[in-house]
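Let me begin by presenting the structure, written as structure tokens, before commenting on it.
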Amino acid sequence: MGLLRDEFHAGPRRAVAGVSTGGYGALALAGRRPGAFAAAASYSGILDTSAPGMTTVVDAIVAREGLLPVTLWGSPLLRRADWTAHNPYRLAARLKDTRLYVSQGSGVPNDDFGNLDGALLEGTLWWQAQGFVRHLTGLGVPVRAHLYRGGTHGWSAWRGEFEASWPVLAAGLGLGTDRAGWVR
């Protein structure tokens, strides 16, 4: 944040957004640092690391980077407190003053038939995203969610989702937008 302030003259209002593991990171960071971000958005992120199958997904992502799965937070059984401390689902109540946008596709390709790996991953994340949005709603935490049929884990879906989330992010930054969502 200091780099953005010092080198790019960023103001005190911040928003954070990301795709895939960046979407996880955006909501985990906002939850771990309440008040640091006025808005946060996740596009196809892991939003509940303790949901069924998600520890396997996290381990696979870590392994894809050439690291041992326990490198991130340790064993999900022996280091449960560390996993919980980084889980957006468990941090959800701390997001009550952050404008939120969450998007997730079901993984059934509707326009990206060459991305079958992306379809499988998106479908794997589908259920935990729905649970996360229900959890926010149950806690009374406002969220704008777009949980849609279709879509794969790839840029063909994320481009449109960023555009759809822009009014939420812009409002968090204190920027006015016109009806089409463009900054005035």
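For the peptides 31-42, 58-69, 134-145, residues were scored by their other Cβ atoms within 10 Å and the scores averaged per peptide; the highest-first order is 31-42, 134-145, 58-69. Available extension along the chain between residue 148 and residue 32 is 39.0 nm, counting 0.36 nm per residue and deducting the alpha carbon span.
Please give the per residue accessible area of the chain, computed with a probe of 1.4 Å over protein heavy atoms only, in Å².
Details: 9920 Å² over 184 residues.
Result: 54 Å² of accessible area for each residue.
Computed from the Cβ-Cβ distance with R0 of 35 Å, the FRET efficiency linking residue 50 to residue 9 stands at 0.30.
Assuming 0.36 nm per residue, please report the length gained on full extension of the stretch residue 96 to residue 68 beyond their Cα-Cα distance.
Working: separation 28, 0.36 × 28 = 10.08 nm, distance 3.46 nm.
Full-extension gain reported as 6.6 nm.
Placing +1 on each Lys and Arg Cβ and -1 on each Asp and Glu Cβ, with no other charges, gives the chain a dipole about its Cα centre of roughly 740 debye. For the chain, the share of accessible area belonging to carbon and sulfur comes to 58 percent (1.4 Å probe, ligands and nucleic acids excluded).
What is the packing order of peptides 97-104, 72-79, taking the mean over residues of other C-beta atoms within 10 Å and listing the highest first? The partial results should precede the final answer.
On the way: 97-104: 23.9, 72-79: 14.5.
The densest-packed peptide leads the list: 97-104, 72-79.
Here the simple spin-label model places points 7 Å from the Cα toward Cβ, and for residue 82 and residue 120 these points are separated by 2.8 nm.
For the chain, the alpha carbon positions stretch 46, 38, 37 Å along the principal axes, listed from largest to smallest.
The values are calculated or read from the model by the stated rules, or taken from the named source; none is laboratory data. From a predicted model like this one, the values you see are computed outputs, not experimental measurements. Glycine also receives a Cβ, built like all others from the backbone with ideal geometry; neighbour counts cover every protein chain displayed. For accessibility, only protein heavy atoms count, side chains too; no ligands or nucleic acids. Shrake-Rupley method; radii C 1.70, N 1.55, O 1.52, S 1.80 Å.
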